[in-house]
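Reading through the structure tokens given below for one structure.
The values are calculated or read from the model by the stated rules, or taken from the named source; none is laboratory data. Everything numeric here is computed off the predicted structure, so don't read it as measured data. Here the Cβ positions follow ideal geometry from the backbone for every residue, glycine too, while neighbour counts run over all protein chains shown. The protein model used for the area step is the full one, side chains on, heavy atoms only, and it has no ligands, DNA or RNA in it. Shrake-Rupley method; radii C 1.70, N 1.55, O 1.52, S 1.80 Å.
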Amino acid sequence: MAALEEFSAHAARTAADASWLHVQHVPVRRLVTQLVRKLLALASWEPFAQSPGPLAPAPYEGLVSIRPTSSREYRAYTVTWSGVAYALGAPTPHSPPFSAGLRRITAELVSEEQAPEPPAAVLPKASVVALSWSSRHWQTLLPVLRELAAEGRKSVLVDLASDPAERCPSTGAEAVLLHSGPAEMLAQTGSVPGLGLGAEGDAGSGDAAETVAVVVGPHRVRLDRLARLAAAVMESSSGCTQPSWRASVHAELWLNDLLGQVGPHTVLVSNDTSPLGVLAVHSAEARGLNTMLVQHGAWTSESVTWPALHSRHIVVMGERDVAPARAWARHPKAEIHVLGQPRFDTLIGISRKAQRRYLEKLLARAKEPPGQIMVWACQPLSPEQLEAQADLLVTGMAQATDRWGLVIAPHPAQGPEAFAAILRRYPQVAVADGAVGARGCLAAADALVSVYSTCEIEALLVDVPVLELKLPGQRTLGLAEHGLARPCSEAAEVTQALNQLRTTHLAVTRDSIDAVCRWRGNSALDVAQLIVARGRRPLSESDPHHATAIPQGKEEEVVR
């Protein structure tokens with residue numbers, strides 16, 4: 001990625017001077033990761049190791065494709081083996097840029113350029129602009145905005161979610177205005193100028209010896225080819241999580257207009273690493289505004305696609321998050337604050353009885369209702385991975401001393417169809433409503449199991465035992481390393497862990513919990529007070545030092 005940045009970051013920039021790779025680093029890095037994995041797998045394949053040679057692309061196979069996932073939000077791009085051959089310098093005169101499956105998905109996307117209308121001029125002046133495109137974002141930020149509203153401070157919550165299920169229904173406070181972006185803004189198609197896969201001369205073999213390359217094992221990856229593959233993943237937009245390059249340019253222009261109208265002193269986000277978060281923070285910094293990130297999910301060394309945080313102030317959940325936040329911070333004056341998780345404040349007043357009734361109702365159709373109930377907090381993994389985890393859990397539960405029932409709690413990005421095969425195989429298993437999710441039922445469970453869901457931390461805070469699945473190739477939250485969860489790698493360990501719950505409780509201390517999440521029920525108030533303390537008075541429209549982030553006349557230049 002460093003080599004790619006140096007080679008091609010100059011190819012295109014937004015109006016506020018953010019390079020295309022700075023904005024799109026996360027989706028590009030995911031694609032490059034897939035390429036590197038295939039190259040390393042090929043290098044370790046014995047027939048190739050014994051007799052290495054050039055790769056030949058398959059005729060008419062697309063260079064970029066997608067992998068299966070149960071997530072509604074993300075399009076999991078990958079390179080085909082023809083794409084790998086292309087990256088190594090092979091001629092691909094008969095290879096289309098995209099696989100047939102990817103072409104079908106993007107066939108009906110908007111292709112003509114439609115510059116979105118600027119935000120309505122009726123937007124009020126406010127102290128804070130918060131940005132959300134996920135239910136995890138607004139659930140984290142809205143409690144903070146409500147605390148600000150209680151002190152008479154206005155804010156605007158900008159909801160850019162493409163998925164209706166991820167949108168914020170209402171703010172619940174008059175001083176918090178909910179504002180949505182124009183639908184067409186994130187539906188634009190259009191790749192990075194000059195980096196299309198169909199460029200003239202691109203299909204030829206060229207002279208690899210004269211091109212800039214990076215070495216991966218025994219392979220030499222051509223950076224000009226890699227840049228074109230990387231740019232391909234942003235040719236078609238998949239909404240708020242992976243906008244196209246043109247959508248990114250328009251989003252920045254729209255956000256810049258909004259910030260100019262609202263005149264906040266602080267921009268608040270829950271993600272400043274993915275494209276929309278990068279754009280928001282970059283635009284805010286260009287205006288001299290305060291920027292603040294509130295961590296919405298657990299961090300581990302393996303859990304972050306790109307360990308980079310761009311905001312001036314970084315609010316983390318627990319003491320263990322301080323070290324990675326310090327290492328990942330990119331702002332030269334970054335400050336880190338351990339204030340817990342505002343989304344967890346409501347756990348104090350939760351009704352266990354109501355949640356238990358809900359769980360028992362879900363499992364009431366079983367011939368023999370279970371005495372113990374385990375909630376499985378899912379991640380948007382591939383269907384095969386979900387089925388393998390279900391097999392492990394059901395097998396382990398069946399061997400336990402007590403009779404256990406299993407309720408699947410979908411991730412917010414998953415629909416019920418993701419579990420159809422599991423329910424056909426195990427009709428005794430139930431699925432919680434997506435609107436309820438793990439957060440709406442975990443407090444009444446006798447145990448919660450997951451691979452790396454943040455709901456593990458919520459369960460820990462309300463004294464629900466946690467089983468942490470440690471599976472090959474999957475990360476975890478590392479709660480077992482803190483003595484806060486029981487690690488399970490196979491069905492027999494699930495059985496053992498469930499049986500241990502009858503007699504043994506893990507020794508959980510306040511210090512061990514604080515290491516993971518500082519929880520006092522007042523995190524939202526603490527973050528709100530930090531915003532007030534670190535914020536500044538908004539610049540007036542007549543302030544001679546108030547310069548717009550985007551120079552006049554450059555908007556059209558960038559869009560073209």
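In the chain, the C-alpha radius of gyration followed by the widest Cα-Cα span (Dmax) gives 24.8, 75 angstrom.
Could you do me a favour and compute the accessible area per residue for the chain, 1.4 Å probe, result in Å²? Mind dumping the intermediate values first?
Values: 23800 Å² over 560 residues.
Value returned for the chain: 42 Å² of accessible area per residue.
Would you tally the net charge around Tyr77, using a Cβ to Cβ cut-off of less than 12 Å, leaving Tyr77 out, and scoring K and R as +1, D and E as -1? That sum, taken over residues with Cβ under 12 Å, equals +3.
Element breakdown for the chain at a 1.4 angstrom probe: carbon and sulfur atoms account for 52% of the accessible area. Taking loop as defined by DSSP and a crowding limit of 11 other beta carbons within 10 Å, which chymotrypsin sites (Phe, Trp or Tyr not before Pro) in the range 49-79 fit? Loop-located and lightly packed - Tyr60.
Checking the table Lys154/Lys361; Lys154/Lys333; Lys361/Lys470 against a 32 Å threshold on Cα-Cα, which pairs fail? Please list the in-between numbers first.
Details: Lys154/Lys361 42 Å; Lys154/Lys333 27 Å; Lys361/Lys470 30 Å.
Where the Cα-Cα span goes over 32 Å, the pairs concerned are Lys154/Lys361.
If you place +1 on the Cβ of every Lys and Arg and -1 on the Cβ of every Asp and Glu, how big does the dipole about the Cα centre of the chain come out, in debye to the nearest 20?
Working: 51 positive and 56 negative charges, 232 e Å.
For this selection, approximately 1120 debye.
When His282, His219 are compared by accessible area of protein heavy atoms, the largest-first order is His282, His219, using a 1.4 Å probe. The separation of the range 414-435 from the range 347-380, counted between C-alpha centres, amounts to 14 Å.
Using R₀ = 30 Å, calculate the FRET efficiency as 1/(1 + (r/R₀)^6) where r is the Cβ-Cβ separation of Ala388 and Ala9; round to 0.05.
Details: r = 40 Å, r/R0 = 1.32.
The formula returns an efficiency of 0.15 here.
Where only DSSP H runs of four or more residues are counted, the chain gives -10000 deg cm²/dmol as its mean residue ellipticity at 222 nm, each run worth -39500 (n - 2.57). Across the chain, the mean sequence separation of Cα contacts (distance under 8 Å, 6 or more residues apart), normalised by length, yields a relative contact order of 15 percent. In summary, the helical segments of the chain meeting the span-like criteria, namely a full DSSP H run, a Cα extent along the axis of 27 angstrom or more and a mean Kyte-Doolittle hydropathy of at least -0.5, are 25-44. For the range 1-73 and the range 444-492, what is the separation of their Cα centres, given in Å? Rounded to whole Å, the Cα centres lie 32 Å apart.
Indicate the gyration tensor shape class of the range 352-499 (rounded, prolate or oblate), computed on the Cα atoms with a ≥ b ≥ c the square roots of the eigenvalues: a/c under 1.5 is rounded; otherwise a/b larger than b/c is prolate and the rest oblate. Note, shape of the range 352-499 comes out rounded.
Within a Cβ distance under 9 Å of Leu88, other residues only, what is the Lys/Arg minus Asp/Glu net charge?
Values: positive: Arg220, Arg222, Arg225; negative: none.
Taking every other residue near Leu88 into account, the sum is +3.
Neighbours of Val322 by Cβ distance under 13 Å: Lys/Arg scored +1, Asp/Glu scored -1, total -1. Working from Cα pairs under 8 Å separated by at least six residues, relative contact order for the range 337-421 is 35 percent.
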